[in-house]
1. Of 109, 82, which residue is in contact with a helix residue (DSSP H, G or I) (Cβ under 9 Å, 6 or more places away or on another chain), modelled with pLDDT of 95 or more and within 14 Å of residue 205 (Cα to Cα)?
2. Does the stretch 169-186 hold any residues that are over 13 Å from residue 147 (Cα atoms) and within 15 Å of the chain's Cα centre (by Cα), and which are they?
3. Can you pull out the residues in the stretch 257-274 that are exposed (fewer than 14 other Cβ atoms within 10 Å of the Cβ) and either in the same structural domain as residue 90 (by TED's automatic domain parsing) or at pLDDT 70 or above (or both)?
4. Given the structure, is residue 88 in a loop (DSSP other than H, G, I, E, B) and at pLDDT 95 or above?
5. When the residues of the stretch 200-216 are narrowed to those that are surrounded by fewer than 19 Cβ atoms within 10 Å (Cβ to Cβ) and in contact with a strand residue (DSSP E or B) (Cβ under 8 Å, 6 or more places away or on another chain), which ends up nearest to residue 110 (Cα to Cα)?
6. What's the number of the condition residue 89 fails, among (1) over 28 Å from residue 25 (Cα atoms); (2) out of contact with any strand residue (DSSP E or B) (no Cβ under 7 Å at 6 or more places or on another chain)?
7. Does residue 105 satisfy being closer than 28 Å to residue 231 by Cβ, in a loop (DSSP other than H, G, I, E, B) and assigned by TED's automatic domain parsing to the domain that holds residue 48?
8. With respect to residue 94, is the statement that it is under 18 Å from residue 175 (Cα atoms), touching a helix residue (DSSP H, G or I) at 6+ places or on another chain (Cβ under 8 Å), in contact (Cβ under 8 Å) with a residue 40 or more places away in the chain and part of a strand (DSSP E or B) true?
C-alpha cells in the first residue's frame, strides 16, 4: 500500500508542476494572491456543530475566494468559496462549491473531491517554510477509504501520513446544487501553532474537484507546485486573527512544548487565558 501511496504523491507533484507550466491545463485567475490573508479570521466563542452544513450563526463569516483554478478540458471548473473561523481550542474551515454531487475517489484529497490545508510557521518576508502540517481531507463513501477522511499527509518536510486525533472532525454534504465540507481542527493537533502564542501562522488551501470522467480541477489559495511533495518547503499566506470577544467565563489554552518526555523530566507548557478585555500569558 505504501508503494501505491508514494506513487500517488509523485503523480500529484507532477500534475502540479504541469499546470504551473501550462501543460495541457486551462487556468483562470480568480482573485489577487495576498501575502497576508484578509480579512482577519473571525473569533467564535463556541465550536460549531460539524455535520457538513453551515450553522445559521456562521452565515456572517466572510466568504473568501480561491486565487486561481486549474483544470483539464473538456470539464469546466465549479465555483468554490471558503470561510474561516477560530476559537480558543480550534480552527474551523467551511468550503462550498456549486455542484450537484460529490465525487468519491481513492485519495480524494488529490483526486477529488477533497482538499489539502496547510498550517505552518510563517517566515520573515514570507520566505518558504519547512515547518508545517499539511492536512489531507477527503469525501469518502466506503470504510476502506476512511483513513483518507482526515490525515496529516505531510508533517514538516520529511514525515508522511501522520494520524490526526479523533478530535479533528470532517463532514461533507451534497444537495440543492451545492457540495459542502466542514472541518474542525483542535489547536492541540497542530502544536505549537495557536493565534495567541505563535509569532505568525502560514495558511494554504488546495481543493480538488473530481469529475465523473476522471478529470479534475484544482482551486488554490496560494500557487505552490510543492503541495504534497516530500523534502520541499511550502508557500503560504499569513493569517490574521480577530481579537477574542468572550462573554462570561474566561477561556484558556495550554500548549505543551515537547512532543515526548521521559519519566522524571519536567513538563514544559505555555498557558494563555482570554477574558472579555484581553489575552494573558
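The values are calculated or read from the model by the stated rules, or taken from the named source; none is laboratory data. This is a predicted model, so every value here is computed, not measured. Neighbour counts run over all protein chains shown; Cβ positions are idealised from the backbone, glycine included.
1. Values: 82 fails: in contact with a helix residue (DSSP H, G or I) (Cβ under 9 Å, 6 or more places away or on another chain).
Going through 109, 82 in turn, the sole match is 109.
2. 171, 172, 180, 181, 182, 183, 184, 185, 186
3. Result: 271, single match.
4. Yes; evaluated as a whole, the condition is true for this residue.
5. 215
6. Only one criterion in (1) over 28 Å from residue 25 (Cα atoms); (2) out of contact with any strand residue (DSSP E or B) (no Cβ under 7 Å at 6 or more places or on another chain) is unmet by residue 89, namely (2).
7. On the way: closer than 28 Å to residue 231 by Cβ: yes; in a loop (DSSP other than H, G, I, E, B): yes; assigned by TED's automatic domain parsing to the domain that holds residue 48: yes.
So residue 105 fits the description; yes.
8. Details: under 18 Å from residue 175 (Cα atoms): yes; touching a helix residue (DSSP H, G or I) at 6+ places or on another chain (Cβ under 8 Å): yes; in contact (Cβ under 8 Å) with a residue 40 or more places away in the chain: yes; part of a strand (DSSP E or B): yes.
Against the criterion (under 18 Å from residue 175 (Cα atoms), touching a helix residue (DSSP H, G or I) at 6+ places or on another chain (Cβ under 8 Å), in contact (Cβ under 8 Å) with a residue 40 or more places away in the chain and part of a strand (DSSP E or B)), residue 94 qualifies.
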